[in-house]
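Written below as structure tokens is the structure these notes are about.
The values are calculated or read from the model by the stated rules, or taken from the named source; none is laboratory data. Every value quoted in this text rests on a predicted model; they were computed, and no experiment measured them. Every residue, glycine among them, receives a Cβ derived from its backbone with ideal geometry; neighbour counts consider all protein chains shown. Accessible surface is based on the protein model in full, side chains and every heavy atom, while ligands, DNA and RNA are left aside. Shrake-Rupley method; radii C 1.70, N 1.55, O 1.52, S 1.80 Å.
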Amino acid sequence: PCPPLTPLPSAPLQDIRNTVGNIPMEWYQDFPHIGYNLDGKRIYKPIRNKDELDMFLEKMENPEYWRTVQDKMTGADIKLTDEQVDLVHRLQKGQFGDVHFNPYEPAVDFFTHEVMIHPVTNRPADKRSFIPSLIEKEKVSKLVHAIKMGWIKPRKPKDDTPTYYDLWAHEDPNSILGRHKMHVPAPKMKLPGHEESYNPPPEYLLSEEEKLAWEQQEPAERKLNFVPQQYRCLRAVPAYSRFIHERFERCLDLYLCPRQRKMRVNVDPEDLIPKLPKPRDLQPFPTTQALVYRGHTSLVRCLSVSPSGQWLVSGSDDGTVRFWEVCTARCMKTLPVGGVVKSVAWNPNPTICLVAVCVEQSVLLVNPCLGDKLLYGATDQLLESYEAPEEERVQPVRWVTASVEEHSKGVRLVVQHSKAVKQVTWHGKGDYFASVVSDNSNMQVLIHQTSKRWSQNPFRKSKGLVQCVLFHPIRPYFFVATQRYVRIYNLLKQELTKKLMTNCKWVSSMAVHPGGDNIICGSYDSKLAWFDLDLSTRPYQMLRHHKKALRSVAFHKHYPLFASGSDDGTVIVCHGMVYNDLLQNPLLVPVKVLKGHVLTLDLGVLDVLFHPTQPWVFSSGADGTVRLYT
């Protein structure tokens with residue numbers, strides 16, 4: 001049985017006098033009153049002029065705030081009694097409203113589950129429980145009669161066939177639709193030509209070789225999608241085997257290929273080519289072969305020119321170093337060194353007459369004794385004035401003074417390394433030089449000081465196979481080119497400043513612009529990368545003018561020229577203008593391809609070098625010659 005509901009303690013009498021009934025009280029929210037009492041007088045809303053701050057203060061200060069609710073019928077605030085609060089708490093917990101109701105009273109078992117001897121009722125079954133019902137019989141006969149008369153129709157079976165209707169039946173036939181306005185007609189099929197005739201002219205018929213070639217081609221690459229054939233008359237022409245196939249493909253093309261109306265832009269093709277100046281406006285640059293320096297019997301690997309531009313030194317695989325006069329191509333001196341000469345470098349200081357030569361595991365410092373007698377005499381005095389320190393210092397190399405026999409040939413000092421040396425380069429002041437050793441350890445690059453005969457290893461660990469190194473022409477920076485990167489080190493701070501990504505597979509050579517803010521790298525995958533150091537660590541421009549591997553690159557000291565020599569036997573001279581205005585990018589224009597070297601053992605030009613003052617370029621090749629282009 002349901003528990004009796006306890007009524008809420010009744011509110012004061014005037015509060016339930018609002019006679020509007022059970023309606024949404026929001027209807028009265030725009031009126032000053034909230035309803036009518038029994039006399040038909042308006043019940044006015046209590047004045048509420050509290051703002052949010054007053055409400056908050058009341059919430060904080062009024063201890064009865066939590067039990068105050070607003071009566072929606074009168075708009076007045078009512079304070080709940082303790083019994084009402086208890087009732088709310090019980091209902092929130094899902095308990096019964098009445099305190100005194102016990103839902104767990106012991107159940108009274110009216111019927112037992114045990115079968116008794118005497119049943120509770122024992123009246124006999126009704127007669128109607130086993131006789132057909134007359135009322136039901138009457139109802140069924142009425143329904144049968146109605147169906148017979150057609151008053152009740154049996155349910156129609158559902159029709160599953162879909163209904164179609166004309167989508168555009170109610171459209172105005174004269175209105176131009178969007179799809180009609182932008183209608184693009186399907187492209188027409190190509191009309192048949194002579195080759196599709198049943199008796200084509202003989203030049204249209206394929207020969208056996210052409211037929212074989214046609215069969216081996218991909219279907220998409222064939223000019224004709226059938227083989228022209230000849231029949232004596234029209235009656236002998238059989239049915240075309242690909243007819244249905246081609247009709248089907250045409251249908252596919254018509255409904256699957258999207259057709260779009262494109263707005264055509266008329267662009268002059270000339271505008272797309274960058275406006276480069278004409279080479280004749282960029283003169284002077286070397287254009288013709290002027291001299292050939294003959295004398296070496298094997299490939300000439302390396303070149304260097306004196307700071308004055310009067311003398312040229314070349315190193316070859318025939319085991320000699322030759323000194324030439326530039327203007328006459330006369331060989332002034334031949335120095336046999338007993339091994340392959342990998343690199344030569346003339347000291348850039350004009351007050352010192354000294355050449356560094358890489359032979360096998362040592363660097364020879366040679367005084368060629370050419371030109372001004374005072375100059376090369378002063379160089380010898382400078383080298384002889386060296387005083388050894390009192391205590392020996394541990395060095396990665398050995399500095400050995402040349403023997404009497406070597407001294408007579410011009411060798412002054414021998415710097416003996418632990419492994420084969422492949423490159424040597426001087427610092428601009430002429431006291432320091434760096435050498436690169438064929439090794440995988442951190443001993444690949446060594447820096448030597450000639451005046452103190454002191455060598456040091458600047459790197460603690462190896463960063464890859466070093467290809468070549470260079471000193472910055474102005475600032476204390478050191479460039480190290482490995483196979484794929486060029487690292488720039490600050491020698492004063494002894495830290496890595498920049499790492500350039502060359503985007504090449506294998507760097508072969510490197511040159512620094514005399515301004516010092518641009519470098520070029522040649523690579524064995526026939527690319528030349530120009531870097532603007534202020535711009536990015538990636539190449540500003542990649543030049544792919546050569547067909548084969550680049551062996552050497554060079555900048556001119558004063559003219560805006562750079563050159564690259566390659567295994568294809570050519571030297572390409574480019575105009576490379578670097579502007580003082582930092583906002584203007586460098587202008588790179590190829591101006592001349594210089595030919596002349598003969599390819600030998602698949603090798604072409606091995607080294608290129610500019611004259612220090614004139615717009616001339618030297619190149620050494622695998623054919624054993626050195627050539628001067630002016």
Solvent-accessible surface ranking, highest first, for Met332, Met263 at 1.4 angstrom: Met263, Met332
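Calculate, for the stretch 10-60, the solvent-accessible area per residue in square angstrom, rolling a 1.4 angstrom probe over the heavy atoms of the protein chains. Write down the numbers at each step before the final one.
Details: 4380 Å² over 51 residues.
Per residue, the stretch 10-60 has an accessible area of 86 Å².
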Among [x] 53.0, 156; [y] 27.7, 94; [z] 26.7, 83, only one was calculated for this model; which label is it, if the read-out is Rg and Dmax of the Cα atoms in Å? [x]
Suppose each label sits 7 Å from its Cα in the direction of the beta carbon; what would the Glu360-Leu272 distance come out to in nanometres? 6.0
Counting other C-beta atoms within 10 Å, and keeping those with at most 12, which DSSP coil GluC sites (Glu not before Pro) do you find in the stretch 40-142? Glu64, Glu114
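Out of the total accessible area of the stretch 539-630 (probe 1.4 Å, heavy atoms of protein only), what percent is carbon and sulfur?
On the way: 1980 of 3740 Å².
Roughly 53 percent, rounded to a whole number.
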On a straight-distance basis, which lysines could pair with Lys139 in a cross-link, Cα separation under 19 angstrom, same-chain partners fewer than 8 positions away excluded? Lys148, Lys153
How high is the relative contact order of the stretch 10-60, in percent, counting Cα pairs under 8 Å that sit 6 or more residues apart? 26
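What FRET efficiency, computed as 1/(1 + (r/R0)^6) with R0 = 22 Å and r the Cβ-Cβ distance, is obtained for Tyr36 and Asp71, rounded to the nearest 0.05?
On the way: r = 16 Å, r/R0 = 0.72.
The pair Tyr36/Asp71 has a calculated efficiency of 0.85.
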Can you tell me the relative contact order of the chain? Whole percent, Cα pairs under 8 Å, sequence separation 6 or more. 8
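Restricting to DSSP loop positions (anything but H, G, I, E, B) with no more than 10 other Cβ atoms inside 10 Å of their own Cβ, which trypsin sites (Lys or Arg not before Pro) remain in the stretch 484-515? Could you put the intermediate results ahead of the total?
Working: sites: Arg484, Arg487, Lys493, Lys498, Lys499, Lys505; in loops: Arg484, Lys493, Lys505.
Counting only loop positions with at most 10 other Cβ atoms within 10 Å, the trypsin sites (Lys or Arg not before Pro) in the stretch 484-515 are Lys493.
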In terms of modelled amide H atoms, which long-range or inter-chain residues lie less than 5 Å from the amide H of Ser566? Arg551, Val605
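What do you get for GluC sites (Glu not before Pro) in the stretch 208-261 restricted to DSSP loop and a cutoff of at most 10 other Cβ within 10 Å of the site's Cβ? Don't jump to the answer; show the numbers that get you there.
Values: sites: Glu208, Glu209, Glu210, Glu215, Glu221, Glu246, Glu249; in loops: Glu221.
Passing both the DSSP loop test and the Cβ count: Glu221.
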What Rg and what Dmax come out for the stretch 295-369 when only alpha-carbon atoms are used, in angstroms? 11.4, 34
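Rounded to two decimals, what is Rg over Rh for the stretch 202-341 when you use alpha-carbon atoms and the Kirkwood radius?
Working: Rg = 34.9 Å, Rh = 24.5 Å.
Rg/Rh for the stretch 202-341 comes to 1.43.
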Report the accessible area of Cys327, computed with a 1.4 Å probe over the heavy atoms of all protein chains in place, in Å² rounded to the nearest 10. 100
Report, by chain and number, residues whose modeled amide H sits under 5 Å from the one on Gln541, excluding near sequence neighbours (fewer than 5 apart, same chain). Trp530
Heavy-atom accessible surface of the stretch 10-60: percent carbon and sulfur, 1.4 Å: 56
Taking the 0 to 90 degree range and rounding to the nearest ten, how far is the long axis of helix 134-149 tilted relative to the main principal axis of the chain, both from C-alpha atoms? 60
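Please arrange Leu606, Leu57, Leu601 by accessible surface area, largest first, computed with a 1.4 Å probe and ligands excluded.
On the way: Leu606 25, Leu57 75, Leu601 140 Å².
In descending accessible area the options line up as Leu601, Leu57, Leu606.
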Taking all protein chains as present, what is the carbon and sulfur share of the accessible area of the stretch 85-128, in % to the nearest whole number, probe 1.4 Å? 58
If all Cα-Cα distances of the stretch 347-401 are sorted into 10 Å bins from 0 onward, what percent lands in each bin, rounded to whole numbers? 19, 44, 31, 6
Å² of accessible area per residue within the stretch 388-435, as computed with a 1.4 Å probe and no ligands counted: 59
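Rank Ile147, Ile117, Ile352, Ile488 by accessible area, highest first, at a 1.4 Å probe radius?
Numbers: Ile147 95, Ile117 155, Ile352 30, Ile488 5 Å².
In descending accessible area the options line up as Ile117, Ile147, Ile352, Ile488.
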Quick one: helix 82-92 against the long Cα principal axis of the chain, what's the angle to the nearest 10°, folded into 0 to 90? 60
Pop out the Kirkwood hydrodynamic radius of the stretch 348-499 from its pairwise C-alpha distances, inverse of mean 1/r, in Å to one decimal. 16.4
Which whole-number value in Å³ per residue fits the convex hull of the alpha carbons of the stretch 10-60? 124
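Consider all pairwise Cα distances in the stretch 530-579 and report the whole-number % of them above 11 Å. Let's see the in-between values first.
On the way: 883 of 1225 pairs.
Across the stretch 530-579, Cα pairs with separations above 11 Å total 72 percent.
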Report the gain in length on full extension from Met182 to Leu206: 0.36 nm times residue separation, minus Cα-Cα distance, nm rounded to one decimal. 4.2 nm
Per residue of the stretch 619-630, what does 6.51 cos²θ - 1.76 cosθ + 1.60 with θ = phi - 60° give for ³J(HN,Hα)? Whole Hz please, x for Gly and Pro, Karplus curve as stated. 9, 10, x, 6, 7, x, 10, 10, 10, 10, 10, 10
Points 7 angstrom from Cα along the Cβ direction at Ala239 and Arg330: gap in nanometres? 9.6
Is it possible to state the helix-based mean residue ellipticity at 222 nm for the chain, with each DSSP H run of 4+ residues giving -39500 (n - 2.57), the sum divided by total residues, to the nearest 500 deg cm²/dmol? What is it? -4000 deg cm²/dmol
Förster radius 25 Å - calculated FRET efficiency between Glu495 and Ile474 (Cβ-Cβ, nearest 0.05): 0.85
